[in-house]
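Scroll down for the structure; my scribbles are underneath it.
The values are calculated or read from the model by the stated rules, or taken from the named source; none is laboratory data. Nothing here was measured: the structure is a model prediction, and the numbers come from that model. We place every Cβ from the backbone using ideal geometry, glycine too, and count neighbours over all the protein chains shown.
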Amino acid sequence: MEPNLILTGFMGTGKTTVGQLIAQRLGRTFVDTDQWIEARAGKSVAAIFAEDGEDRFRAWEAEACEALSEPQGLIIATGGWTLGPQQNREAMQRGGRVMCLWAEPDAILARLSDKSDRPLLAGDDRAAKLRDLLKKREAVYRSFAWQIDTTKMDVAEVMLHIMALYGSISGSAEPDAFYLPMGERNNSVLLGAGLLESIGPVLRARGLRGTAALIGDSNVIEHHGDRVYQSLLLSGFEVVPLRVPAGEESKTLDMAGMVYEQLVQGGLERSGMIVALGGGVIGDLSGFVAATYLRGVPWVNCATTLLAMVDASIGGKTGVDLPSGKNLVGAFHPPLVTVSDLTVLRTLPEREFQSGLAEVIKAGVIGDVDLFEMIEGGSTDVQDIIRRSIQVKVDVVREDPFEKGRRAALNLGHTIGHGIEAASQFLLRHGEAIGIGMIAEAKIAERMGLAHSDLSGRIEAVIEKVGLPTRYANLETDTIVQLMRSDKKKQLGRLKFALPRDIGEVAVGIDVKDELVREAIEVVRDE
Ligand SMILES: NC(=O)c1ccc[n+]([C@@H]2O[C@H](COP(=O)([O-])OP(=O)(O)OC[C@H]3O[C@@H](n4cnc5c(N)ncnc54)[C@H](O)[C@@H]3O)[C@@H](O)[C@H]2O)c1
Ligand SMILES: [Zn+2]
């Protein structure tokens, strides 16, 4: 049987109207959960609220979700908060694809102005109540993978975008979805297999249109460029493809300048967008360009390395390098969506994959003991490993979106690691240096009595297990220390460390004596 198509979202986003139209168009049965409940309760939703209370109504909703959890090709419109509870959401997802319709409060108010049958908005000052309720629920609504932003669409457009999206995704498994609020903006993250082929419908449904500049590096465009290009084109985007040379050398102001020029020539306006396809280099460069071109255009980050999936593509930090150091110029500009399609990892060179595993191990040490133990146990469940790593990053960034405190935990292994990476003149991959940095910093934590005495051994064992180096060779302590100091994360001239207390627990803002730093750097040197 075909999967159901379930439309959810706040009142006034058009779930019922659009659901009925789609059912007609596809010759499917339409079910409205409110009507389903009314038929069984023998009274109206308003009467259930008034006579039996909201709790009784929510219990009815849970029953409806259970009853409609088989794939039967139904088109279902839910109540505004039917899928608030996790168990209802899971029940509906068993039977089909849940799409969440969104609209900005003003658009909703305009649509609801002639209706008075909304029990949750009863009484005075509907506008304030509505804004308040929408704000409270926003994180849940935005956490669904499939989003339709109906704010600027009429009913016919909403219907077309939903049908295109449903057609494109109904054959593949439900992706993992994350939502990260970032001040005025927010960053959704999708993780699954085969997402790149659906990127056009996904972005159209989120309200994007016009010109899409597709930026990739030579390797990635070669392997996966066409998948994205075709999907965007088929969804009606005008696509301007841009290819930059692979490697950190492309993360410069000069390269950004060249990209700006090509965007102007390609006619990219404020209404357009940038689609980055690549690892951390392409993400950082494209995001920086998106933050600054025409004072900011929306962008989408298709992460193609493990490192980008678990770390670089999430949280909105973008930037380029200067001759005097990495990431010295940048902006917070989160992508509207991060798309991590697992299938791209098939072409990723082994060494790059291993490098990404260092960030996975870091995520485990920062906040997920189970993840760390999965790696210790040799797990090969790549999606679960990535899902968990993303969750750690999302949780940390959510607490501290603009890096004022807690987010410094993500620098674990990076203070010494960056020094080693730079001293090797980037012959060591980022993750290789970070792995060694984590071991050295765990040694410091032990020496300072922050961690128990076998923590560094445990971290070292797991780094070795995944095939990453645990020692560097042929680098001077002085060079490493000097390069650590030119790293941008120092405060008032003193380096602050993020140090592990245990697996799953990190202390931030730690001042470490110079001798101790030098000693730790020497411990991880291969003699
Ligand atoms: N913004 C952030 O929060 C953040 C966080 C961590 C790291 N970073 C940045 O990320 C960058 C490193 O990212 P990276 O390790 O992804 O490097 P990268 O982007 O250079 O990619 C590594 C190599 O793999 C190739 N490649 C990428 N995906 C591929 C695929 N699917 N198949 C085949 N080849 C593929 C690339 O062409 C490149 O040669 C650094 O510049 C770092 O500063 C940023
Ligand atoms: Zn890193």
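Summary of computed values
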| quantity | calculated |
| --- | --- |
| The range 205-225, residues that are more than 28 Å from M255 (Cα to Cα) and surrounded by 24 or more Cβ atoms within 10 Å (Cβ to Cβ) | A205 |
| Only one of S198, S168 that is outside the structural domain of S231 (by TED's automatic domain parsing), in a helix (DSSP H, G or I) and of a type in the set (G, A, S) | S168 |
| Set A103, A122: member being at pLDDT below 90, out of contact with any Gly (no Cβ under 6 Å at 6 or more places or on another chain) and among the aliphatic types (A, V, I, L, M) | A122 |
| Positions within the range 234-279 being assigned to a loop (DSSP other than H, G, I, E, B), more than 10 Å from ligand 1 (Cβ to nearest atom) and over 13 Å from Y293 (Cβ atoms), in sequence order | S235, G236, F237 |
| Top-ranked residue in the range 309-337 [being buried (at least 21 other Cβ atoms within 10 Å of the Cβ) and away from ligand 2 (no atom under 16 Å from the Cβ); ranked as nearest to M258 (Cα to Cα)] | V320 |
| Filter result for G12 (modelled with pLDDT under 95 and either among the acidic types (D, E) or in a loop (DSSP other than H, G, I, E, B) (or both)) | yes |
| Qualifying residues in the range 440-462 (those that are surrounded by fewer than 24 Cβ atoms within 10 Å (Cβ to Cβ) and either within 16 Å of ligand 2 (Cβ to nearest atom) or without any contact (Cβ under 8 Å) to a residue 12 or more places away in the chain (or both)) - the one farthest from V360 (Cα to Cα) | G449 |
| The range 409-434: number of residues that are within 10 Å of ligand 1 (Cβ to nearest atom) and among the β-branched types (V, I, T) | 1 |
| Residues satisfying the stated conditions in the range 288-308, i.e. within 16 Å of ligand 2 (Cβ to nearest atom) and assigned to a helix (DSSP H, G or I) | L306, L307, A308 |
| Tally of residues being out of contact with any helix residue (DSSP H, G or I) (no Cβ under 6 Å at 6 or more places or on another chain) and either within 30 Å of P181 (Cβ to Cβ) or in contact (Cβ under 8 Å) with a residue 12 or more places away in the chain (or both) across the range 416-429 | 3 |
| Members of the range 309-327 found to be under 10 Å from the mean Cα position of the chain (by Cα) and not in a helix (DSSP H, G or I), listed by number | S313, I314, G315, G316 |
| Long-range neighbours under 6 Å by Cβ, at least six apart or interchain, first residue under 21 Å from M163 (Cβ atoms) within the range 217-235, second more than 8 Å from ligand 1 (Cβ to nearest atom) and of a type in the set (A, V, I, L, M, F, W, C) | S231/I199; L232/A212; L232/V239; L233/V239 |
| Residue in the range 483-498 that is aliphatic (A, V, I, L, M), modelled with pLDDT of 95 or more and at negative phi present | yes |
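Residues are listed down the side, and each one gets a yes or a no for (1) assigned by TED's automatic domain parsing to the domain that holds V189; (2) part of a helix (DSSP H, G or I):
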position: T338; (1), (2): yes, no
position: V360; (1), (2): no, yes
position: D370; (1), (2): no, yes
position: I375; (1), (2): no, yes
position: E403; (1), (2): no, no
position: R407; (1), (2): no, yes
position: I416; (1), (2): no, yes
position: Q425; (1), (2): no, no
position: L428; (1), (2): no, no
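Rundown of residues vs (1) among the hydrophobic types (A, V, I, L, M, F, W, C); (2) within 15 Å of ligand 2 (Cβ to nearest atom); (3) modelled with pLDDT of 95 or more, yes/no style:
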residue	(1), (2), (3)
I366	yes, yes, yes
Q391	no, no, yes
H418	no, yes, no
A422	yes, yes, no
L428	yes, yes, yes
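Results for (1) within 21 Å of P3 (Cα to Cα); (2) assigned to a loop (DSSP other than H, G, I, E, B), shown as yes or no for each residue.
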site: W36; (1), (2): yes, no
site: A47; (1), (2): no, no
site: D55; (1), (2): no, no
site: A64; (1), (2): yes, no
site: Q72; (1), (2): yes, yes
site: L83; (1), (2): yes, yes
site: R89; (1), (2): yes, no
